[in-house]
Amino acid sequence: MELKVFRSIDEIDSDFWDSVLPDDEIIKTHRFLKAVEHSNINNCKFWYVIFFKNAKVIANASLFSMDFYLDVIAPEFIKNICNNLRKVFPKFLRLKLLGCGTPVATCTNGISISENSYFKEVVTLLTKLILQIAKKEETHCILYKEYNQQESKAFDILLSMGFIKLHSLPTSFVDIYWKSWDEYFKNLRKKYRLFIKNDRIKLDSPKVTIEICEDFGAHADELWALYMNVYRKAEVKFEQLTPQFFKNINNYLKGESSVILIKLDNKIIAFELIIEDKSILRPLYLGLDYKMNEGLSLYFNSISQIIKHGIERNKKTIELGQTSYYPKLKVGARIEPLYFYIKFKNPLLQYLLKYPLKLLFPERTFKTKNIFKDQSLTI
């Protein structure tokens, strides 16, 4: 097996890169990675790796480097302790990482392999390469992100290479069983129908409009400003998007991306950025005008609009993603764990942090709510 490393996705033919991708993973495609690379997110550097067997492409992987704080998804009380310590030690737990995946929150990993028989060799070669790049770039740690329960069974091979397996933030899904929004709404138990109805009533004004915008490049600055409102309040701050990210998604993923816009007097006050695979709808990022949020229930109404849009687009699944789990549970989401693997270049640091990391990244469990009349729809 051979591999080749590229420093920009522009150096690779899109069909060549995409040839080993599974269905329903636009977020691993050449066009999506191009949008990310050219968005100047957190001053990241990028590497792209292609694996060959007998001159045939059999796997690929995307890598990035960036600075981050190790307590990024830690419980709030630990974050508060770390923030206080940074008043004296500004770089406390600030590390430079080399990651496999992308810096944006896609809830998926950065490796695609055409056949399972190649898995061990690909991961072994990739890890050796990552260690070489990490040494050259003087990074503190190596990160493989994000892996669901099924995937982690295979990627536990990394444990034998000295990696520590930790809980990431879970992701969330709504499985679509209904042919229309009305059918979904009628299948809700009374309590949850009232939640949605009472929130939806707040938008019943001739001044408020809801629309799906498929060409949203002209709104990029407005969307970014609303996104930044959410970012500043967010419990988890890993990546920070730029206005260019919204422009790039619009330009490179035409027909596969859109935004759900909520407007007041024709001014955007909330949005959801959507990536649309064949059977999966992925709302990646949202933005809100918090001055309007409580009075109009913008966040919960945005989630309802995502469900409605997914049903109307005949999707099988909507991946609502990480964080803000309770509003998502109220519309029928199921929560699934995600994992990541981390290894520190300094063996002493690796030893000292192995057990404290379990506190920084605890398992988070959520009980699925029984919101449907049809009990078979409750996982």
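With N as its number of residues, the range 244-331 has a Cα radius of gyration that, divided by 2.2 N^0.38 Å, comes to 1.08.
Counting pairs of alpha carbon atoms under 8 Å apart in space and at least six apart in sequence, what relative contact order in percent does the chain give?
It comes to 22 percent, rounded to a whole number.
What FRET efficiency comes out for residue 228 versus residue 263 if R0 is 22 angstrom and r is the Cβ-Cβ distance? Round to the nearest 0.05. Computed FRET efficiency for residue 228 and residue 263: 0.75. Each part reduced to its alpha carbon centroid, the range 316-360 and the range 188-242 end up 24 Å apart.
How large is the dipole of the chain about the Cα centre if only Lys and Arg carry +1 and Asp and Glu carry -1, each at its Cβ, rounded to the nearest 20 debye?
For the chain, the charge dipole is close to 1400 debye.
Take the alpha-carbon positions of the range 1-131, form their convex hull, and give its projected area averaged over all directions (one quarter of the hull surface) in nm². Over every viewing direction, the Cα hull of the range 1-131 projects on average to 9.3 nm².
Listed values for the range 287-295 are Karplus-derived 3J(HN,Hα) couplings in whole Hz (6.51 cos²θ - 1.76 cosθ + 1.60, θ = phi - 60°), namely x, 9, 8, 5, 5, 9, 4, 5, x, and x replaces Gly and Pro. Normalised per residue, the accessible area of the chain is 47 Å², obtained with a 1.4 Å probe and no contribution from ligands, DNA or RNA. Pairs from the list 207/308; 34/254; 197/330; 96/343 with a Cα-Cα gap above 18 Å: 207/308. Can you give me the C-alpha center-to-center distance between the range 6-44 and the range 259-305, rounded to a whole angstrom? Going from one Cα centre to the other spans 26 Å.
To test your reading of the geometry: what angle, between 0 and 90 degrees and rounded to tens, separates the Cα axis of helix 190-201 from the longest principal axis of the chain? Rounded to the nearest ten degrees, it is 80.
With all protein chains in place and a 1.4 Å probe, the accessible surface of the chain carries 51 percent carbon and sulfur.
Each pair of Cα atoms in the chain enters the Kirkwood radius, and Stokes-Einstein at 25 °C and 0.890 mPa s then converts it into a translational diffusion coefficient of 112 µm²/s.
Beyond 29 Å in Cα-Cα separation lie the following of the pairs 128/328; 202/328; 53/145; 87/354: 128/328. Between the amide H of residue 281 and those of 317, 318, 319, distances stay under 5 Å, these residues lying 5 or more places away or on another chain, with hydrogens modeled in the peptide plane.
The values are calculated or read from the model by the stated rules, or taken from the named source; none is laboratory data. Since the model is a prediction, treat every value here as computed from it, not as a measurement. Counting neighbours? That spans all protein chains shown, and the Cβs are built from the backbone with ideal geometry, glycine included. Protein only, heavy atoms only, side chains kept; ligands, DNA and RNA dropped before computing areas. Shrake-Rupley method; radii C 1.70, N 1.55, O 1.52, S 1.80 Å.
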